[in-house]
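Only one structure is covered here, and it is reproduced in the block below.
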Amino acid sequence: MIEWHFYEPAAGHRLPHDPLNAIVAPRPIGWISTVSATGKRNLAPYSFFNLFNYRPPLIGFSSMGWKDSVANAEATGEFVWNLATRDLAEAMNASSAATDDDEFTLAGLEATPSRLVAPPRVAASPVAFECRLTQLIRLETKEGRALDQWLVIGEAVGIHIDAALLEDGIYQTARARPISRGGGPADYFETREDALFRLRRPD
């Protein structure tokens, strides 16, 4: 028989660490580059991130607080998502520092120009989506109380893929060794070929 740990989030989880982000995990990382209205670069990772639509391709990230990525996306209407990989994990982590300095420089990362938007790409990242802002949503509680949590959604208008990740025209997910965010203060997961299994949808 299963012994359930049940809790109502409003009353607290009664555990040493909130399990929520360890349960809904691993989550892809929104490694977002932006520029301010004056052209100042910013680069930051977000663990509340995902793809929401195929056509047009819509991706979004959610920020706790009105941070530079949100402010820049609102001001310019643009951002870039860069794929975080195992080789770039330490640099990605370094770019999460709360600082007014240029995170590209801080993390030792080379930037490369985008084609259609102003924010640069992470040159070493094997995939990048150039995005134009479609919605900026302030999240609310069930009672309608506004939270200091902001959902930024953008349409990918240009997509860069390292051709080495394509095999017979098919993108090979594990080949890039993408990383995802787990729970707790430091848990990450790497997507590897030996973890792959396949299920086809019923007809």
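For the stretch 127-135, 3J(HN,Hα) computed residue by residue from phi via the Karplus equation (6.51, -1.76, 1.60; θ = phi - 60°) reads 9, 8, 10, 7, 10, 10, 4, 10, 8 Hz, glycine and proline entered as x. Summarising the label geometry, the points placed 7 Å from Cα in the beta-carbon direction at TRP66 and ALA22 lie 3.5 nm from one another. Between ASP203 and ARG55, the FRET efficiency estimated from the beta carbon spacing at R0 = 25 angstrom works out to 0.60. Remark on THR85: its backbone amide H falls under 5 Å from those of ILE179, a criterion applied only to residues 5 or more positions apart or on other chains, H modelled at 1.01 Å from N. The amide H of TYR46, built 1.01 Å from its N in the peptide plane, has GLY30, TRP31, ILE32 as neighbours under 5 Å, considering only residues 5 or more places off or on other chains.
Under the 0.36 nm per residue contour assumption, what length would be gained going from the current alpha-carbon distance of GLN135 and ALA174 to full extension?
Taking GLN135 through ALA174 to full extension adds about 11.0 nm, to one decimal.
The modelled label-to-label distance between ASP100 and GLU3, using points 7 Å beyond Cα along the C-beta direction, is 5.3 nm.
Is it possible to state the helix-based mean residue ellipticity at 222 nm for the chain, with each DSSP H run of 4+ residues giving -39500 (n - 2.57), the sum divided by total residues, to the nearest 500 deg cm²/dmol? What is it? Counting only the DSSP helices, I get -2500 deg cm²/dmol. Summary of packing: across the peptides 106-118, 4-16, the per-residue average of other C-beta atoms within 10 Å ranks them, highest first, as 106-118, 4-16. By the beta-carbon count within 10 Å of each Cβ, the least crowded to most crowded order of VAL127, VAL157, fewest first, is VAL157, VAL127. Taking all C-alpha pairs of the chain, those more than 20 Å from each other amount to 61 percent. Largest GNM mean-square fluctuation across THR141, THR99, THR173, computed for the chain with C-alpha springs under 10 Å, falls on THR141.
I need the peptides 184-194, 72-82 ranked by packing, meaning the mean over residues of other C-beta atoms within 10 angstrom, with the highest value on top.
On the way: 184-194: 11.6, 72-82: 22.4.
Result, highest mean Cβ count within 10 Å first: 72-82, 184-194.
Here the simple spin-label model places points 7 Å from the Cα toward Cβ, and for GLU143 and ASP162 these points are separated by 4.9 nm.
Read the figures in this text as sums done on the coordinates, not as results from a lab. All values reported here derive from a predicted model rather than from experimental measurement. Virtual Cβ from ideal backbone geometry, glycine too; neighbours counted across all protein chains shown.
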